[in-house]
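These notes are about the structure you will find just below.
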Amino acid sequence: MTELAPYSSLTTLISRLLELWPHHGDYVDKSFADRSPEVTATSEQIASCVLKLAGHTAGGLDGLCNDYRFLCEKIVLPEELYFRRHDRYRLSAFADALRECYTNAPYMARYMNGLLISNVVWHNHAQAISSYMREYLPSLGDHTDYLEIGPGHGLFLYFAAACPTIATVSGWDVSPTSIEHTRTALSALGVTRPVNLTQQNMFEIEPGSYPQRFDSIVMSEILEHLEDPIAALKAAAAWLRPGGSIWVNVPANSPAPDHIFLVHDLEHACDIVRSGGFEVTASHEFPMTGATLEKARKRKLALSCVVVGRKP
Amino acid sequence: MRNALKRVDAMTRDEILSRVAEILRDVFDDEMLQPTASTTSEDVAEWDSTNHVRLMVAIESEFGIRFETDEITCPENVGQIVDLIETRLGA
């Protein structure tokens with residue numbers, strides 16, 4: 001396992017997690033076993049964010065860790081069982097996910113808290129966000145107008161706000177509750193530069209519905225929640241200036257109670273991005289903890305698919 | 001199908017263990033694996049929570065049975081998996 005002692009935030013987070021859930025030790029060992037120093041360094045940054053957010057969360061770090069365990073054991077595992085039995089996600093309609101999940105505020109709070117920790121602990125999540133931080137953000141040109149659709153926990157916006165080449169930072173969500181959650185998170189993380197957080201439906205693309213177009217749009221773990229991800233990408237393209245880029249992170253074979261669109265593999269993810277009107281300029285696939293890429297493909301295990309597209 | 005289920009119903013514990021061992025080798029892609037009743041997830045490097053679900057679903061398919069969701073995570077070793085199968089076959 002990668003020696004975590006030099007990384008104070010990782011040490012604090014992982015130590016507490018394993019005190020509360022000792023049986024998760026083998027999983028954590030596997031997740032950090034082949035993490036490069038560069039990825040471990042970005043995980044340290046994420047862990048630092050998590051610790052700051054824990055200070056503003058009911059239950060603190062222990063609450064986040066317990067919610068992470070709840071996510072693994074009570075939210076994901078039953079869906080994994082359904083997925084393995086039926087080779088498809090349990091739900092396929094947004095209305096069902098809305099009824100079962102999105103309108104259940106206490107459940108969603110635990111779900112989101114668990115996912116926050118997963119950005120550190122789950123191998124594929126840590127690799128995907130590291131790719132965003134180390135490759136995508138530095139690739140953006142000067143004076144970039146940046147938009148994230150569905151900013152959720154706020155981590156991506158936090159790092160975008162710290163990127164010197166980004167001129168304006170915006171975040172959209174259809175849910176006022178989510179917008180407020182992101183606003184609170186950015187405040188807790190100490191973001192002081194202006195971030196335009198707006199309740200906005202990306203499909204409302206008629207002129208005048210929003211006064212700005214963008215050079216970069218980020219959609220992380222959004223498409224799997226939609227019935228028609230290609231339509232969503234076409235809508236996103238309408239908000240981009242020609243030559244602008246989109247960074248998409250979508251999981252393949254990753255069952256969850258609100259995942260309704262099944263992406264099979266990286267090539268499928270790339271096809272979706274192309275169908276949305278983009279040229280694919282880069283793509284990566286990151287296997288779940290404990291799996292090699294070869295085994296993840298063969299066994300249809302969870303992969304994080306990162307696709308960068310360019311609007312012609 | 002009826003005949004196949006009848007053969008499964010009539011299996012001895014050793015025969016069930018033998019078939020579970022074969023499933024383990026297949027699920028974990030390890031032809032050298034020689035599991036016994038006392039083999040646990042700690043003895044098999046890739047036996048994590050996701051692969052455990054894959055294993056249990058493969059067993060369901062092989063034996064024509066269906067576990068309750070709570071039963072999936074209960075077994076602590078291969079012998080307890082065989083216990084579960086026996087219970088389900090006898091149910």
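None of the figures in this text is laboratory data; all of them are computed from the coordinates on show. Quick caveat: nothing in here was measured; it's all calculated off a predicted structure. All Cβ positions, glycine included, derive from the backbone under ideal geometry; neighbour counts span all protein chains shown.
Computed quantities for the displayed model
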{"quantity": "Bridge type composition, chain A - antiparallel percent by DSSP, nearest 5", "calculated": "45 percent"}
{"quantity": "Table column - 3J(HN,Hα) (Hz), the stretch A:285-293, Karplus curve with 6.51, -1.76, 1.60, x for Gly and Pro", "calculated": "10, 10, x, 4, 3, x, 10, 7, 4"}
{"quantity": "Contour excess over end-to-end distance, with Cα ends at A:K52 and A:R88 and 0.36 nm allotted per residue", "calculated": "9.2 nm"}
{"quantity": "Residue (of B:N77, B:W47, B:A10) at the positive-pole extreme of chain B, dipole from beta-carbon charges", "calculated": "B:A10"}
{"quantity": "Amide H within-cut-off set for A:L197, under 5 Å, with H built and near neighbours excluded", "calculated": "A:G171"}
{"quantity": "Residue exposure sequence - B:I81, A:I272, B:I23 - by fewest surrounding Cβ within 10 Å", "calculated": "B:I23, A:I272, B:I81"}
{"quantity": "Exposure proxy order (Cβ contacts within 10 Å, fewest to most) of A:M112, B:M32", "calculated": "B:M32, A:M112"}
{"quantity": "Euclidean distance between Cα centres, the stretch A:132-167 to the stretch A:249-312, Å", "calculated": "21 Å"}
{"quantity": "Stokes-Einstein D in µm²/s, Kirkwood radius over Cα pairs - the stretch A:193-312 at 10 °C with 1.306 mPa s viscosity", "calculated": "105 µm²/s"}
{"quantity": "Kirkwood-based shape ratio for chain A, expressed as Rg/Rh from alpha carbons", "calculated": "0.93"}
{"quantity": "For A:T198, B:T73, B:T50, order by how many other beta-carbon atoms lie within 10 Å, fewest first", "calculated": "A:T198, B:T73, B:T50"}
{"quantity": "Check: chain B dipole with +1 on Lys, Arg Cβ and -1 on Asp, Glu Cβ, in debye", "calculated": "580 debye"}
{"quantity": "Alpha carbon convex hull of the stretch A:135-256, projected area averaged over orientations, nm²", "calculated": "7.9 nm²"}
{"quantity": "Per-residue ³J(HN,Hα) for the stretch B:81-90, Karplus 6.51 cos²θ - 1.76 cosθ + 1.60, θ = phi - 60°, Hz, x for Gly and Pro", "calculated": "5, 4, 4, 4, 4, 4, 4, 5, 5, x"}
{"quantity": "Amide N proximity, the stretch A:206-234 versus A:N196 label position 7 Å along Cα-to-Cβ, cut-off under 11 Å", "calculated": "A:210-215"}
{"quantity": "Whole-Hz couplings from phi, Karplus 6.51/-1.76/1.60, listed for the stretch A:67-83; x for Gly and Pro", "calculated": "5, 5, 5, 4, 4, 5, 8, 9, 9, 7, 4, x, 6, 4, 4, 5, 4"}
{"quantity": "Using a Förster distance of 30 Å, the FRET efficiency for A:A238-A:D34 (Cβ separation, nearest 0.05)", "calculated": "0.15"}
{"quantity": "Global form of the stretch A:86-186, assessed from the alpha-carbon gyration tensor, a/c cut-off 1.5", "calculated": "prolate"}
{"quantity": "Taking N as its residue count, the alpha carbon Rg of the stretch A:8-121 over 2.2 N^0.38 Å", "calculated": "1.17"}
{"quantity": "Of A:K30/A:K311; A:K74/A:K234; A:K30/A:K234; A:K74/A:K295, those spanning more than 30 Å from alpha-carbon to alpha-carbon", "calculated": "A:K30/A:K311; A:K74/A:K234; A:K30/A:K234"}
{"quantity": "About the Cα centre, charge dipole magnitude for the stretch A:8-121 (Lys/Arg +1, Asp/Glu -1 at Cβ), debye", "calculated": "280 debye"}
